[in-house]
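S.K.: Sharing a structure here in structure tokens format.
The values are calculated or read from the model by the stated rules, or taken from the named source; none is laboratory data. On a predicted model such as this, the values are computed, not experimentally measured, just so you know. Counting neighbours? That spans all protein chains shown, and the Cβs are built from the backbone with ideal geometry, glycine included.
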Amino acid sequence: MFGFTEAQISAFGLTFGLGAFILYMVFIIGHLAWQSKAGRFGTFVLFLALGFGMTGFFAKLLIQWALER
């Protein structure tokens, strides 16, 4: 499709598509903390608990980068 291989398209979608989804999740968590008037500690706990799954994606990118070097 348009001169790109399937691997290039999926790498682009994984990197930028999932990155955009993560940014949207950060917005949702922040909005949830603001609406619930969670305070500083509550906001920290929300970001820690709900955002913990995002660290796996960043760890995967870091490990791939380290292995390719």
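S.K.: Taking F57 as the residue in question, decide whether it is of a type outside the set (D, E), loosely packed, with under 10 Cβ neighbours inside 10 Å, at pLDDT below 90 and out of contact with any Asp or Glu (no Cβ under 8 Å at 6 or more places or on another chain).
M.R.: It is false that F57 is of a type outside the set (D, E), loosely packed, with under 10 Cβ neighbours inside 10 Å, at pLDDT below 90 and out of contact with any Asp or Glu (no Cβ under 8 Å at 6 or more places or on another chain).
Per-residue answers, yes or no, for (1) within 19 Å of the chain's Cα centre (by Cα); (2) loosely packed, with under 11 Cβ neighbours inside 10 Å:
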position	(1), (2)
F2	no, yes
A7	no, yes
G17	yes, no
I22	yes, no
H31	yes, yes
F41	no, yes
G51	yes, no
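S.K.: Just to be sure I understand, how many residues within region 38-69 are under 17 Å from V26 (Cα atoms) and not in a helix (DSSP H, G or I)?
M.R.: 3
S.K.: Only residues in region 38-49 that are farther than 15 Å from I22 by Cα count as the first member; pair them with residues that are surrounded by fewer than 13 Cβ atoms within 10 Å (Cβ to Cβ), Cβ under 8 angstrom, at least 6 apart or cross-chain, and list the lot.
M.R.: Qualifying pairs under 8 Å: G42/S36.
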